[in-house]
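The values are calculated or read from the model by the stated rules, or taken from the named source; none is laboratory data. Every value quoted in this text rests on a predicted model; they were computed, and no experiment measured them. Every residue, glycine as well, gets a Cβ built from its backbone with ideal geometry; the counts of neighbours run over all protein chains shown. These accessible areas exclude ligands, DNA and RNA; they are computed on the full protein's heavy atoms, side chains included. Shrake-Rupley method; radii C 1.70, N 1.55, O 1.52, S 1.80 Å.
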Protein chains: 4
Amino acid sequence: SSLLCLDDVEDAATHAMAADLRDFVAGGAGTETTLRANRTALERVRLVPRVLNDVSACSTETTVLGTSTTMPVLVAPMAYQRLAHPEGERALAAACAGAGVIYVASMLSSSTFVDITATGASTWCQLYWLRDRGQMTNLLRRAESAGCRAVVLTVDVPRMGRRLRDIRSGFTLPAGISAVNLSGDVGVHDGSDSESAFMAHTRLTFDPSLSWSDLDWLRQRTSLPIVVKGVLHPDDAQRAAELGVDALIVSNHGGRQLDGAVSSAEALPAVREVVGDRCEVLMDSGIRSGSDVVKAIALGASSVLIGRPAWWGLALAGQAGAARVLELIRQETEDAVALAGCRGIADVRSSVRALPAAESWSW
Amino acid sequence: SSLLCLDDVEDAATHAMAADLRDFVAGGAGTETTLRANRTALERVRLVPRVLNDVSACSTETTVLGTSTTMPVLVAPMAYQRLAHPEGERALAAACAGAGVIYVASMLSSSTFVDITATGASTWCQLYWLRDRGQMTNLLRRAESAGCRAVVLTVDVPRMGRRLRDIRSGFTLPAGISAVNLSGDVGVHDGSDSESAFMAHTRLTFDPSLSWSDLDWLRQRTSLPIVVKGVLHPDDAQRAAELGVDALIVSNHGGRQLDGAVSSAEALPAVREVVGDRCEVLMDSGIRSGSDVVKAIALGASSVLIGRPAWWGLALAGQAGAARVLELIRQETEDAVALAGCRGIADVRSSVRALPAAESWSW
Amino acid sequence: SSLLCLDDVEDAATHAMAADLRDFVAGGAGTETTLRANRTALERVRLVPRVLNDVSACSTETTVLGTSTTMPVLVAPMAYQRLAHPEGERALAAACAGAGVIYVASMLSSSTFVDITATGASTWCQLYWLRDRGQMTNLLRRAESAGCRAVVLTVDVPRMGRRLRDIRSGFTLPAGISAVNLSGDVGVHDGSDSESAFMAHTRLTFDPSLSWSDLDWLRQRTSLPIVVKGVLHPDDAQRAAELGVDALIVSNHGGRQLDGAVSSAEALPAVREVVGDRCEVLMDSGIRSGSDVVKAIALGASSVLIGRPAWWGLALAGQAGAARVLELIRQETEDAVALAGCRGIADVRSSVRALPAAESWSW
Amino acid sequence: SSLLCLDDVEDAATHAMAADLRDFVAGGAGTETTLRANRTALERVRLVPRVLNDVSACSTETTVLGTSTTMPVLVAPMAYQRLAHPEGERALAAACAGAGVIYVASMLSSSTFVDITATGASTWCQLYWLRDRGQMTNLLRRAESAGCRAVVLTVDVPRMGRRLRDIRSGFTLPAGISAVNLSGDVGVHDGSDSESAFMAHTRLTFDPSLSWSDLDWLRQRTSLPIVVKGVLHPDDAQRAAELGVDALIVSNHGGRQLDGAVSSAEALPAVREVVGDRCEVLMDSGIRSGSDVVKAIALGASSVLIGRPAWWGLALAGQAGAARVLELIRQETEDAVALAGCRGIADVRSSVRALPAAESWSW
Ligand SMILES: Cc1cc2nc3c(=O)[nH]c(=O)nc-3n(C[C@H](O)[C@H](O)[C@H](O)COP(=O)(O)O)c2cc1C
Ligand SMILES: Cc1cc2nc3c(=O)[nH]c(=O)nc-3n(C[C@H](O)[C@H](O)[C@H](O)COP(=O)(O)O)c2cc1C
Ligand SMILES: Cc1cc2nc3c(=O)[nH]c(=O)nc-3n(C[C@H](O)[C@H](O)[C@H](O)COP(=O)(O)O)c2cc1C
Ligand SMILES: Cc1cc2nc3c(=O)[nH]c(=O)nc-3n(C[C@H](O)[C@H](O)[C@H](O)COP(=O)(O)O)c2cc1C
């Protein structure tokens, strides 16, 4: 295979997708400053590796909320994966099952949770906060009965970011692809010349009143672990930890929400510092290689999530393509762990230094 | 509309204006280092947004010197707006009236203050310090009787910056466009091969002796609030605050005066720090999006002003074009406020962090 | 000659080598971030030279582990030099002999240690840690009996870095070139579409269990000075110094191992600080001029090694080409020493400041 | 005139000179890192201007070693100015006389000191340290009797920097141009393929043993003020101040000597700090505008020197061209002083802040 790194996969996938879909996936909000910052921040982090540590039994295994995984990498929730491939979520979840990593199913999945968990993947279910609270209860019930093991509440979408590419391309869901886990007719929304179809949908169905007190509501309705996705400010991390959430995901939604937001890699250390060991701190946005995984761990992440890279694999060759992406990043991560002189993820945490980008700051 | 962000408006307006006018508007002084720095400084600021705060009633409203406005954005004073469009100041002021924002009329307006305030816009009147003190008295009287609500004294033009583009293009006022609020014949000045017509005019009519004591003169002649425009050094901000000015505008005149001057975004935090709550601290130079507005607020600004973007809208389609610009930046600001997890401008001030560009310094 | 600096030599050599060999030499691991960082870090270091110091007898001479050399530059160990030129190691070692600098023979030399030392070069022998401990004993015996003066243990290759260029090109050893100092048939390994031939070879024959305790094994089997190559973390440097190694080489293997690792120039000061005078601290990766040599010395290096530049000379014109490279860098170093106001290397250490790149950090 | 800034003059002059001469003037040592750093350091400095200070009588006048000058700018010593224009030094000195600034005559002037001072220019005489001490005595006597007012001892040329452009072009002095102030036949030296004619000349005639004690020799032989040119390290500045030199010039010789040396703008503040008011601290290397002059003053310089810009003017149009350059930079400086809210150079020193490039360091 000539797909030797995730950049190769991106290049190939870019040619395989129609222009509007490609832009939907690649794009960020506004001028895409944060989208770019996610990459440059990670590129500027420098690892100080260790040597003379027996790495003959080097492993990338870890646990995420008690579940054993083959590496500290999960697949991030992404909506409507049948846009990428006819098999959609099932193909990507199956690849996760094969690779031994956790699959996070989007609330806006175009396959049912049951079909997804049927692949054998250890699955989490991501929720946005909907105006229709009955939908939320239904979603929780469905996710639980399908066997999802955690609920991820995405908190950075009180409204959708201004993704100009989608407005320009007029991108909208094709017939036959919909959010099949939502009950009833959720309606199809039309875009306008200043709003994409997705923005309209979000505006009409998402509940912007989501606040700290709603975490209680959620806690009362499910016994699954609760993960809060989209935290960047240490004060919010502090409060979430105090409230006993099981994990945080430091994320700027891949640069798709607040343009100008700090990169996840820069926000991570301060979040880990206030949180300490009170809960797991996951991170996403911009991870593109095993070296990035090791950098994130050394900066304080428990594990990371990858979004677009998994989509590229899926778009390119369905389950096999996604499997290739997961195998690539696992191999790269193992190589990086070993070359950093570590026997495993715990060693990275305790002994490798990640020098933050000099362009970063002190709180 | 395909004008989805201010960059789109700039591109379109750039094609709509003659080359010399385009350069007059776009240009800065000297090698345009400060012009560029205004943008790069803002791009490097990183916002640390909040989450889980009910933003269902998110608003961009605020007050500026006691006047309610729909957003913390004013239109900066710009001379001779009939260069951009036949309706000139009246069209831009009318757009401000419609948008509920303050219009700052330049002393060098090509429409009368009365015509401007007749649009219903909440109007401030900007003054340069003229050698002819009688003109100053007249201007104040006219501004007051037309209903202007504040006087903005621009203090960064003891002489005009070396704007090479205007010298090269030989740019000069066409017949029929003049500073109609000045009494008598202010004269038309010719440029030379080392001085533009505007530089000559400034040299001959502006008074470079303007100093702190002149603020008294002004205070005695008007009861309107006094705003000092063009402050960058914290020692000057400190003194102005002590003298009881109502507001400061941290500004480098859009990069058009001292080439090499610090960007406004970099100067802002130190100014706010010394001033505290003694007066409002406005800021301009380089604001190009709602994210920039939120960044400026988080760095300490009470509100911001936009110069060129308003001009582009005006040049493109008169009142409608200017209205489009104002609506765009209002929408972007609202989106940024909500996506930063804030219910309004006060929330941004109190809870969002803006990490200064790492390339910045400590005083 | 039109070869006035090492960049000239690189350009010329680049045209003289076949594409796959050129890539094998030039390439780094992964996305080559560390490869680039080696150069940018050195470029950003700024020297603060001295003046009014009599430099009429300016000399670049120094000692390395007690051996007098004409300059603080050694030739780094590089495998299979007959790939570059039919005379391979013998030509490069002969050039070192002529130039009065130390030649470090790779374990994977394609000429025998005896042939190498026969050139008269002061020779060190570099070892990787092999699974076959008998080979190690043999290598030590051969190196010692050939007259090698130190053993360099490379510790940053528990496995080979992911050098994508070699996988893409399918690069492999041509018939007739092999690691002639290894006893028996070490086997030829085939690459695959996800592993180069060299990666396979390394995986099968190198021992990834190498750890601190193995230094004892080595110490017991040779009385030669022991040099540990590939240290970047100050804690490892500290431990090595405590164990009494004779010298360290701060190195990231020319960017060929852990992609994302810190540049050697950035890692050097912290290593020197913990080590103090307990052992020599050499450095390599990215040295391309006499100014770089002086920068490294001022940052704390005892001496530096050059890898690729020596290869370029060899590829271009055998012994004469290598001699030209060594003469160039010696002349440049002498010029830099004199222009820094120093009489010699000791002066550089004691009186020249090297301001680290601002993009660097504090530990 | 279309020459509105020094970049314009550079462009025009670049076309007016033969390629080898252009390269001789423009070039720096080695990879020209320091040459570029001189510009980028100045570009990154940010001025924090003052306002509301009466600048109606704004002046750029100052004194340099007691001599009144129209601005804090001198013309730096540059060899063989008849290469640029048949009138050479006389034209440039005449322009200085006209502009009211000090002309520093190079030891290697191609016109006699008497011819130079006859222009009426306030003239300093620059010396390199020659092996032939008799020449030094002669030069001092000639300079004094011609009326030179200070002696500038250049201390950063114990040997010439490796200026590769000159080696490549084979640049050498044409017949008829020579160092006419040196007595006897100083000889013409041939370049080789690794040394330019100028490098050979320097090697053979300059004395690299120049050291602190030689300042005594000089002091005993002249009563003129002594200026030491080429200091970058604060320890050297400290020692020079203790020895009572009248002025220092912080300079890296326009990037022509040690490649990798710190830029003058970065070195300046530390030098001023140790020197305090004990002597004047001049600065050169990279000054290209009035904003740069004001930046240098605000960073601690007493005055600055310009090298290449003066040459460009001379090459372009002899005395008139040089006069144009001096008038341009004077006008720019006056504009920058006024726009920084200063009445003069003393105000700049006391009240304007120059924020150092963030990429700089602390000692
Ligand atoms: C096409 C696409 C769809 C996404 N859909 C969702 C979603 O439904 N829910 C969610 O919480 N995040 C969603 N995200 C954000 C991802 O979960 C994740 O935060 C982001 O992609 C990480 O950045 P990366 O793509 O740079 O790895 C989506 C991202 C993309 C690219
Ligand atoms: C074409 C133009 C004319 C201007 N005229 C004036 C003026 O008459 N009075 C004044 O105080 N500032 C004037 N300014 C400066 C603006 O008020 C403002 O400080 C600057 O444009 C803000 O920067 P921005 O254009 O990047 O938003 C002018 C700016 C431009 C671009
Ligand atoms: C072609 C090539 C072969 C190398 N072989 C070895 C080797 O056999 N053993 C070793 O310790 N290092 C090896 N290295 C690394 C060098 O010793 C050295 O660390 C590196 O080249 C220094 O960086 P530079 O090339 O930028 O000067 C090799 C490097 C290159 C480029
Ligand atoms: C063509 C040329 C000739 C020079 N000759 C001399 C010289 O004879 N003596 C000397 O001290 N410096 C000499 N210099 C250095 C200048 O005095 C000065 O330090 C340098 O040009 C300042 O940098 P700038 O050219 O960027 O302004 C020369 C520089 C140039 C460009």
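Within the stretch B:162-189, being over 30 Å from B:THR117 (Cα atoms) and surrounded by 17 or more Cβ atoms within 10 Å (Cβ to Cβ) holds for B:ARG162, B:ARG163, B:LEU164, B:ARG165, B:ASP166, B:ILE167, B:SER169.
What do you reckon, is D:ALA346 surrounded by fewer than 22 Cβ atoms within 10 Å (Cβ to Cβ), out of contact with any helix residue (DSSP H, G or I) (no Cβ under 9 Å at 6 or more places or on another chain) and farther than 18 Å from D:TYR103 by Cα? Taking the combined requirement at face value, the residue satisfies it.
Filtered by the rule that a residue be at positive phi and charged (D, E, K, R), the stretch C:1-42 gives a lone residue, C:GLU32. Might you let me know whether the stretch D:136-146 holds any residue that is outside any helix (DSSP H, G or I), of a type in the set (A, V, I, L, M), more than 16 Å from ligand 3 (Cβ to nearest atom) and closer than 21 Å to D:SER209 by Cβ? There is no residue in the stretch D:136-146 that is outside any helix (DSSP H, G or I), of a type in the set (A, V, I, L, M), more than 16 Å from ligand 3 (Cβ to nearest atom) and closer than 21 Å to D:SER209 by Cβ. Open to solvent by 50 Å² or more (accessible area, probe 1.4 Å) and either within 12 Å of chain A (Cβ to nearest Cβ) or modelled with pLDDT under 95 (or both): is that true of C:ARG203 in this structure? Considered against the rule, which asks whether it is open to solvent by 50 Å² or more (accessible area, probe 1.4 Å) and either within 12 Å of chain A (Cβ to nearest Cβ) or modelled with pLDDT under 95 (or both), C:ARG203 comes out as yes.
Okay, residues lined up against (1) within 22 Å of the chain's Cα centre (by Cα); (2) closer than 23 Å to D:LEU83 by Cβ:
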| position | (1), (2) |
| --- | --- |
| D:PRO309 | yes, yes |
| D:LEU316 | yes, yes |
| D:ALA320 | yes, yes |
| D:ALA323 | yes, yes |
| D:GLU332 | yes, no |
| D:ALA340 | no, no |
| D:GLY344 | no, no |
| D:ASP347 | no, no |
| D:SER350 | no, no |
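On the stretch given as the stretch D:295-311, residues that are more than 22 Å from D:ASP235 (Cα to Cα) and either away from ligand 4 (no atom under 16 Å from the Cβ) or open to solvent by 10 Å² or more (accessible area, probe 1.4 Å) (or both) total 2.
Within the stretch B:14-46, the residues that satisfy the criterion of being open to solvent by less than 20 Å² (accessible area, probe 1.4 Å) and either within 14 Å of chain A (Cβ to nearest Cβ) or free of Cβ contacts under 8 Å to residues at least 24 places away in the same chain (or both) are B:ALA41, B:LEU42, B:VAL45. Checked against the criteria, B:SER211 counts as of a type in the set (Ser, Thr, Tyr), assigned to a loop (DSSP other than H, G, I, E, B) and without any contact (Cβ under 8 Å) to a residue 40 or more places away in the chain.
If you check D:VAL227 against the conditions, is it at pLDDT 95 or above, touching a helix residue (DSSP H, G or I) at 6+ places or on another chain (Cβ under 7 Å) and either among the hydrophobic types (A, V, I, L, M, F, W, C) or open to solvent by 10 Å² or more (accessible area, probe 1.4 Å) (or both)? So D:VAL227 does not fit the description; no.
I'm trying to understand the selection: among the residues of the stretch B:276-303, which are touching a strand residue (DSSP E or B) at 6+ places or on another chain (Cβ under 6 Å) and within 14 Å of chain A (Cβ to nearest Cβ)? Residues satisfying the conditions are B:ILE287, B:VAL293, B:LYS295, B:ALA296, B:ALA298, B:LEU299. Of the numbered criteria (1) away from chain B (no Cβ under 14 Å); (2) open to solvent by 10 Å² or more (accessible area, probe 1.4 Å); (3) farther than 14 Å from D:PRO72 by Cβ, the one D:ALA322 fails is (2). I'd like to check something: does the stretch D:265-275 contain any residue that is closer than 15 Å to D:ARG349 by Cα, in contact with a Leu (Cβ under 6 Å, 6 or more places away or on another chain) and within 14 Å of chain B (Cβ to nearest Cβ)? Yes, that holds for at least one residue. Name the one entry in B:ASP214, B:ASP193, B:ASP156 that is closer than 23 Å to B:GLN257 by Cα, out of contact with any strand residue (DSSP E or B) (no Cβ under 9 Å at 6 or more places or on another chain) and within 14 Å of chain D (Cβ to nearest Cβ). Only one candidate qualifies: B:ASP193. Look at B:SER192 and say whether it is crowded, with 24+ Cβ neighbours inside 10 Å and at pLDDT below 95. No, not satisfied.
The set of residues in the stretch C:217-249 being charged (D, E, K, R) and within 10 Å of another protein chain (Cβ to nearest Cβ) consists of C:LYS229, C:ASP235, C:ASP236, C:ARG239. Taking the stretch D:47-119 as the region of interest, the strands (runs of 3 or more DSSP E) fully inside it that hold 2 or more residues being surrounded by fewer than 22 Cβ atoms within 10 Å (Cβ to Cβ) are D:62-64, D:67-69.
The residue list D:VAL348, D:VAL304, D:VAL337, D:VAL352 contains one member that is in contact with a Ser or Thr (Cβ under 7 Å, 6 or more places away or on another chain) and either in contact (Cβ under 8 Å) with a residue 12 or more places away in the chain or more than 16 Å from ligand 1 (Cβ to nearest atom) (or both), which is D:VAL337. Taken as a whole, the condition of being in contact (Cβ under 8 Å) with a residue 24 or more places away in the chain, away from every other protein chain (no Cβ under 14 Å), open to solvent by 40 Å² or more (accessible area, probe 1.4 Å) and in contact with a Gly (Cβ under 8 Å, 6 or more places away or on another chain) does not apply to D:THR137.
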